[in-house]
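Note sheet for the following structure.
Rule-based calculations on the coordinates, nothing more; no lab input. All figures in this text were calculated on a predicted structure; none of them were measured in a lab. Positions of Cβ are backbone-derived with ideal geometry, glycine not excepted, and every protein chain shown enters the neighbour counts.
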Amino acid sequence: MQLKDSLLSELTEIVERTISRDDIFMVDLELKTGGKMPALSVYLESDKGGIKLDDCAEISRNLQTVIEANELLGQTFTLNVSSPGLDRPLKLKRQYELNKGRTARVKAILGEENKVAMVEGKLTTTDDKGIGLESKSGTTFIEFDKIIETKIVPSI
């Protein structure tokens, strides 16, 4: 496990160095090593509101070259570079700002009893401490350290 953690750390650094624009950032990285060949998935986002296919392709080419040159995943591996999509939870504070105005479903530890609850509402505010969700019952502020998972609800 320690070897995989070390490899993930090295891959994360390589991905971050490979991204040449300030408006594009890595949201998550997953490495699956159980199959016939390793599979690396890199999820990117842009401050401009969505990552373009051309950006993913360019970063993928550059990343593949570096990984192959350093022989990090062996001779053959699968590399997928894409946006996280709506089915993946938000991971970074930076993503909350991008999703202001959208409906979010937040699983969080709330109240004095510290019970896990689900809150859904329009993401109206974000700051260094947390997020504000507006629903029919009012506005709820949730601190980041109380959030377990946040997903954006697709609009119909």
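Rank the residues ARG61, ARG105 as a footprinting-exposure proxy: fewest other Cβ atoms within 10 Å of their Cβ go first.
Going from sparsest to densest Cβ surroundings: ARG61, ARG105.
Angle, helix 53-69 long axis vs. longest principal axis of the chain, Cα atoms, 0 to 90°, nearest 10?
50 degrees
Let me know the whole percent of all Cα-Cα pairs from the range 93-152 that are separated by more than 14 Å.
Here the long-distance tail beyond 14 Å is 48 percent of all Cα pairs in the range 93-152.
Share of antiparallel DSSP beta bridges in the chain, in percent to the nearest 5?
85 percent
Name the residue farthest towards the positive end of the dipole of the range 93-152 from the options TYR96, ALA108, ILE152, assuming +1 on Cβ of Lys and Arg, -1 on Cβ of Asp and Glu, about the Cα centre.
About the Cα centre, the residue reaching furthest to the positive side is ILE152.
Only sites in a loop by DSSP and with at most 14 other Cβ atoms within 10 Å count here; which trypsin sites (Lys or Arg not before Pro) in the range 1-60 make the cut?
ARG21, LYS36, LYS48, LYS52
Between LEU72 and ARG102, what FRET efficiency follows from the Cβ-Cβ distance if R0 is 41 Å, with the result rounded to 0.05?
For LEU72 and ARG102, the calculated efficiency is 0.70.
Can you give me the relative contact order of the range 14-156 as a percent, contacts being Cα pairs under 8 Å and 6 or more apart?
With pairs under 8 Å counted, the relative contact order is 19 percent.
With only Lys, Arg, Asp and Glu charged, each at its Cβ (+1 for the first two, -1 for the last two), find how big the charge dipole of the chain is about the Cα centre; round to the nearest 20 debye.
560 debye
On a full-extension model of 0.36 nm per residue, what is the gain between GLU120 and SER46, subtracting their alpha-carbon distance, rounded to one decimal in nm?
Answer, rounded to one decimal: 24.2 nm.
Note the angle between two axes, namely the Cα long axis of helix 2-18 and the longest principal axis of the Cα atoms of the chain, as a number of degrees from 0 to 90, rounded to the nearest 10.
In the chain, helix 2-18 runs at an angle near 90 degrees to the longest axis.
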